[in-house]
Amino acid sequence: VSYVTATFKNYDGSQLYQNTQVVSGTTPTYVGSTPSKPQDNTYTYSFTGWSPALSNITANTEYTAQFSPVYRNYSVTFRSSVSDPNPSVKSDYHFGDEITNKPDVDPIEVLEEDADYYSVFDGWYIVNTDIVFEDGMTVTGDMIFEPRFIHSNYDTDTVTVNVVGGQG
């Protein structure tokens, strides 16, 4: 009886398992944990098998784990108001996609009954940042946008910026 070696490697060349006692002319068996490949911004990876495919071997053979990419989805949410956590528009995108599903609805600001000012919509901002939505903006991860307003005093018409719900 003669023996050959079967070596199983991951996508990065690291050794996962080695059997030096494979009977020549038989198919080796992998007994390690399922190979994995870390996700990146664009994909998660699903193990699909070995290259070359497992078959009878008569010489030392090296197998490399193979993976299929699976797109990662990111949620882009536009809230209709700061006080309402429910989205008025929520869409799934892939990393690097251009955001195209901007709300057609006007955002809402809840004003105090005795307010001495009026509000003008200033833009859609990523929550807790000063990053404003611009045409052509691309997805960099899960993103939540909420409206911000410029407040103007009724009496003096002096415009002051009052950040509602974000950082000031």
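The values are calculated or read from the model by the stated rules, or taken from the named source; none is laboratory data. The model shown is predicted, which means the values in this text are computed figures rather than measured ones. Cβ atoms come from the backbone with ideal geometry, glycine included; neighbour counts cover every protein chain shown. We work out accessible area using only protein heavy atoms, side chains counted, and drop any ligands, DNA or RNA first. Shrake-Rupley method; radii C 1.70, N 1.55, O 1.52, S 1.80 Å.
Computed with a 1.4 Å probe over protein heavy atoms only, the accessible area of residue 117 comes to about 60 Å².
For the range 24-80, the carbon plus sulfur part of the accessible surface works out to 43%, probe radius 1.4 Å. Got the relative contact order for the range 1-76 handy, in percent, Cα pairs under 8 Å and 6 or more residues apart? Taking the mean separation of contacting Cα pairs over the length of the range 1-76, I get 35 percent.
Accessible surface ranking for 3, 30, 43, 1.4 angstrom probe, highest first: 3, 43, 30. A Förster radius of 35 Å combined with the Cβ-Cβ distance from residue 120 to residue 95 puts the calculated FRET efficiency at roughly 0.55. A viscosity of 0.692 mPa s and a temperature of 37 °C, combined with the Kirkwood radius over C-alpha pairs in the Stokes-Einstein formula, give the range 22-99 a diffusion coefficient of 199 µm²/s. Within straight-line reach of residue 37, meaning a Cα separation under 30 Å, sit the following lysines at least 8 residues removed in sequence or on another chain: 9, 90.
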